[in-house]
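Undergrad: Sharing a structure, written as structure tokens. Questions coming.
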Amino acid sequence: VLAEAAVVFAVVLSIHATVWDRYSWCAVALAVQAFYVQYKWDRLLQQGSAVFQFRMSANSGLLPASMVMPLLGLVMKERCQAAGNPFFERFGIVVAATGMAVALFSSVLALGITRPVPTNTCVILGLAGGVIIYIMKHSLSVGEVIEVLEVLLIFVYLNMILLYLLPRCFTPGEALLVLGGISFVLNQLIKRSLTLVESQGDPVDFFLLVVVVGMVLMGIFFSTLFVFMDSGTWASSIFFHLMTCVLSLGVVLPWLHRLIRRNPLLWLLQFLFQTDTRIYLLAYWSLLATLACLVVLYQNAKRSSSESKKHQAPTIARKYFHLIVVATYIPGIIFDRPLLYVAATVCLAVFIFLEYVRYFRIKPLGHTLRSLLSLFLDERDSGPLILTHIYLLLGMSLPIWLIPRPCTQKGSLGGARALVPYAGVLAVGVGDTVASIFGSTMGEIRWPGTKKTFEGTMTSIFAQIISVALILIFDSGVDLNYSYAWILGSISTVSLLEAYTTQIDNLLLPLYLLILLMA
């Protein structure tokens, strides 16, 4: 935990030295209080005194999760300020303020249920919270303050609903990161729907917002419904499919139509088949998707024919999917990023829908999916949901989705920032895969207090450096401008975080690498 905290503080101080304004001082204060409160969360988890049932095979992860949204907002503000885009500069400040508010709420929750009340930690939280509130009070407009409070309110309700419905699926840090992101997306969608006259956004952005919110609301609806019904019967399964069609055609599509002001299905078909390059990419991705399905079927056939009692796929078998995802994303980033943006959104919707089918045992595929995917479970899938493949997709896609495109029109993504779209490919697709394979097969020197090895981390850094060199060769749009030292430091820092964190690395590592590269 101390080593993980040291890596996170190194990132925070690096961003602070780069930005060096009142908001970065707020980030430092937030990190200090999160470091102290994290130990209270850890003790609550060990004693079983937390309000909800969290994943037990990891520490709370409050510090690394608390810093993601604030740091992301800070670097977004800096980039948009450099590009002369005041609207997105203010948007970055709102993102940072929202992340700080959500993190402070999680800290207050931990201290509120800790007995006896930790006086020293309360004092530190009070000082840090006072500094943050004072600075934000004099920095945000009334409308921006209301927006932050709206996200906080949505976050509180989502915590109560989803953590009750999904026990043991998250650590406190993962819940903060995932539910905080969903809360922010939901608030943005509501805001843009109510101020439609003023919003002239890109249809692909609206598509992502509507899909994410629609899938979350659909899950909450069916979870509530199947409390009163047996979801495993044919009648319930038929009702599930009918209601999915009703919600999709009657709510999601009209909502998207209102935002983009055209037929969503016709827009999507026109977008996907607009150029020959897109058709070739879609055909290539279809082949890779077929290959991934064949890997699942082969591993299950291998398990069925084996007489061994072992029911889990080896680490190397799970990393096949990382390699397939790398082969999927690199051509998309090089040749057509808008298509990759939309395709990743569609894939996310499909993954979440199939997880609903598996979780609710919806016929005819529910039991089949349970059997096929059970082979690839690990200790992080201790709850009722299987989320690691969804986290893998998110980790690869978030660097594509989170790039402030209006702030990149004037070449502000030069230098190390040119690698921002590749943050997921480097951190998860290459780094995590190589570290896992080499560490488990050839690693002998273990990092203190972990199962990760020194050899795995070093080969991970080396593989990512080679990948950067290959990106320079094949992507003519990348110009690093001699920022090699910062790139090496960023890759090494995130690789150390991979060695020490017990959180979902598929989600956490790309976000930290994105933040460092964008800075």
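Undergrad: Any chance you could count how many residues in region 254-263 are of a type outside the set (S, T, N, Q) and either open to solvent by 40 Å² or more (accessible area, probe 1.4 Å) or touching a strand residue (DSSP E or B) at 6+ places or on another chain (Cβ under 9 Å) (or both)? Break it down into steps so the answer makes sense when it comes.
TA: The initial filter retains those residues of region 254-263 that are of a type outside the set (S, T, N, Q), namely 254-262.
So of that shortlist, the ones also either open to solvent by 40 Å² or more (accessible area, probe 1.4 Å) or touching a strand residue (DSSP E or B) at 6+ places or on another chain (Cβ under 9 Å) (or both) come out as 254-255, 257-258, 261-262.
The qualifying residues number 6.
Undergrad: Cβ-Cβ below 7 Å, separation at least six or inter-chain, first residue in region 1-21 and over 15 Å from A34 (Cα atoms), second part of a helix (DSSP H, G or I) and of a type in the set (S, T, N, Q): which pairs?
TA: I15/S24; H16/S24
Undergrad: Which residues, counting only those in region 195-227, are within 22 Å of H367 (Cβ to Cβ) and exposed (fewer than 15 other Cβ atoms within 10 Å of the Cβ)?
TA: Within region 195-227, just V227 meets the criteria.
Undergrad: Follow-up question, since we're still on this one. Got at least one residue in region 340-358 being open to solvent by 30 Å² or more (accessible area, probe 1.4 Å) and modelled with pLDDT under 80?
TA: Looking for residues that are open to solvent by 30 Å² or more (accessible area, probe 1.4 Å) and modelled with pLDDT under 80, one finds none in region 340-358, hence no.
Undergrad: Considering only region 228-253, state which residues are open to solvent by 60 Å² or more (accessible area, probe 1.4 Å) and either farther than 21 Å from L186 by Cα or not in a helix (DSSP H, G or I) (or both).
TA: So in region 228-253, the residues open to solvent by 60 Å² or more (accessible area, probe 1.4 Å) come out as 228-230, 234-235, 238-239, 241-242, 245-246, 249, 251.
Of everything in region 228-253, those that are open to solvent by 60 Å² or more (accessible area, probe 1.4 Å) and either farther than 21 Å from L186 by Cα or not in a helix (DSSP H, G or I) (or both) turn out to be F228, M229, D230, W234, A235, I238, F239, H241, L242, C245.
Undergrad: Now for a different question. Only one of T450, T388 is touching a Ser or Thr at 6+ places or on another chain (Cβ under 9 Å), touching a residue at least 40 places away in the same chain (Cβ under 8 Å) and of a type in the set (V, I, T). Can you tell me which? Give the steps one after another, and end with the answer.
TA: Working: T388 fails: touching a Ser or Thr at 6+ places or on another chain (Cβ under 9 Å).
Step by step, each of T450, T388 is checked, and only T450 is touching a Ser or Thr at 6+ places or on another chain (Cβ under 9 Å), touching a residue at least 40 places away in the same chain (Cβ under 8 Å) and of a type in the set (V, I, T).
Undergrad: Still on this structure: Could you figure out which of (1) within 25 Å of L516 (Cα to Cα); (2) in contact with a helix residue (DSSP H, G or I) (Cβ under 7 Å, 6 or more places away or on another chain) isn't true of F351?
TA: Every listed condition holds for F351 apart from (1).
Undergrad: Among the residues that make up region 36-52, is at least one of them basic (K, R), at pLDDT below 90, more than 18 Å from H138 (Cα to Cα) and part of a helix (DSSP H, G or I)?
TA: Pass one, region 36-52, residues basic (K, R): 40, 43.
Retained after the next criterion (residues that are at pLDDT below 90): 40, 43.
Restricting the remaining residues to those that are more than 18 Å from H138 (Cα to Cα) gives 40, 43.
Checking which are part of a helix (DSSP H, G or I) leaves us with 40, 43.
Yes.
Undergrad: I've got another one for you. When region 366-385 is examined, which residues are found to be more than 22 Å from F240 (Cα to Cα) and free of Cβ contacts under 8 Å to residues at least 40 places away in the same chain?
TA: Correct list: D381 only.
Undergrad: Output the qualifying pairs, or none if there are none: Cβ atoms under 7 angstrom, residues six or more apart or on different chains, first residue in region 122-142 and closer than 25 Å to F87 by Cβ, second residue open to solvent by 70 Å² or more (accessible area, probe 1.4 Å).
TA: As it stands, the answer is I135/R22, since those pairs meet every condition given.
Undergrad: Does I362 qualify as being free of Cβ contacts under 8 Å to residues at least 40 places away in the same chain, open to solvent by less than 20 Å² (accessible area, probe 1.4 Å), among the hydrophobic types (A, V, I, L, M, F, W, C) and assigned to a loop (DSSP other than H, G, I, E, B)?
TA: Numbers: free of Cβ contacts under 8 Å to residues at least 40 places away in the same chain: no; open to solvent by less than 20 Å² (accessible area, probe 1.4 Å): yes; among the hydrophobic types (A, V, I, L, M, F, W, C): yes; assigned to a loop (DSSP other than H, G, I, E, B): yes.
Spelling it out, it is not the case that I362 is free of Cβ contacts under 8 Å to residues at least 40 places away in the same chain, open to solvent by less than 20 Å² (accessible area, probe 1.4 Å), among the hydrophobic types (A, V, I, L, M, F, W, C) and assigned to a loop (DSSP other than H, G, I, E, B).
Undergrad: In addition: Limited to region 102-116, what total is found for residues that are farther than 25 Å from I182 by Cβ and surrounded by fewer than 18 Cβ atoms within 10 Å (Cβ to Cβ)? Working first, answer last.
TA: Within region 102-116, the first condition is being farther than 25 Å from I182 by Cβ, and the residues that meet it are 114-116.
Subsequent filtering for residues that are surrounded by fewer than 18 Cβ atoms within 10 Å (Cβ to Cβ) retains 115-116.
Within region 102-116, residues that are farther than 25 Å from I182 by Cβ and surrounded by fewer than 18 Cβ atoms within 10 Å (Cβ to Cβ) number 2.
Undergrad: What single numbered condition from (1) modelled with pLDDT of 90 or more; (2) part of a loop (DSSP other than H, G, I, E, B) fails to hold for Q200?
TA: Condition (1) is where Q200 drops out.
Undergrad: So is V28 open to solvent by less than 40 Å² (accessible area, probe 1.4 Å) and over 16 Å from G129 (Cβ atoms) or not?
TA: Working: open to solvent by less than 40 Å² (accessible area, probe 1.4 Å): yes; over 16 Å from G129 (Cβ atoms): no.
No.
Undergrad: May I ask you to list the residues in region 179-237 that are in contact (Cβ under 8 Å) with a residue 12 or more places away in the chain and among the charged types (D, E, K, R)?
TA: K191, R192, D202, listed by residue number.
Undergrad: Identify all residues within region 457-470 that are touching a helix residue (DSSP H, G or I) at 6+ places or on another chain (Cβ under 6 Å) and farther than 18 Å from Q503 by Cα; write none if there are none.
TA: Within region 457-470, T459, S460, I461, A463, Q464, S467 qualify.
Undergrad: Here's a check for you: in region 117-172, which residue that is among the aromatic types (F, W, Y) and either surrounded by 20 or more Cβ atoms within 10 Å (Cβ to Cβ) or in contact with a Leu (Cβ under 8 Å, 6 or more places away or on another chain) (or both) is nearest to S24 (Cα to Cα)? Give the derivation first.
TA: Within region 117-172, the first condition is being among the aromatic types (F, W, Y), and the residues that meet it are 134, 155, 157, 164, 170.
Next, from what is left, pick out any that are either surrounded by 20 or more Cβ atoms within 10 Å (Cβ to Cβ) or in contact with a Leu (Cβ under 8 Å, 6 or more places away or on another chain) (or both): 155, 170.
Values: F155: 24, F170: 28 Å.
Result: F155.
Undergrad: Kindly indicate whether any position in region 64-77 is closer than 16 Å to T501 by Cα and of a type in the set (S, T, N, Q). Steps first, please.
TA: So in region 64-77, the residues closer than 16 Å to T501 by Cα come out as 64-68.
Next, from what is left, pick out any that are of a type in the set (S, T, N, Q): 66.
For region 64-77, residues closer than 16 Å to T501 by Cα and of a type in the set (S, T, N, Q): present.
Undergrad: When you check W267 against the structure, is it in contact (Cβ under 8 Å) with a residue 40 or more places away in the chain and open to solvent by 60 Å² or more (accessible area, probe 1.4 Å), yes or no? It would help to see each step written out before you state the result.
TA: Details: in contact (Cβ under 8 Å) with a residue 40 or more places away in the chain: yes; open to solvent by 60 Å² or more (accessible area, probe 1.4 Å): no.
Taking the combined requirement at face value, the residue does not satisfy it.
Undergrad: Can you name every residue in region 1-25 that is farther than 22 Å from I491 by Cα and open to solvent by 20 Å² or more (accessible area, probe 1.4 Å)?
TA: W20, D21, R22, W25
The values are calculated or read from the model by the stated rules, or taken from the named source; none is laboratory data. Because the structure is a prediction, the values reported are computed rather than measured. All Cβ positions, glycine included, derive from the backbone under ideal geometry; neighbour counts span all protein chains shown. Quick note on the areas: whole protein, heavy atoms, side chains included, nothing else; ligands and nucleic acids left out. Shrake-Rupley method; radii C 1.70, N 1.55, O 1.52, S 1.80 Å.
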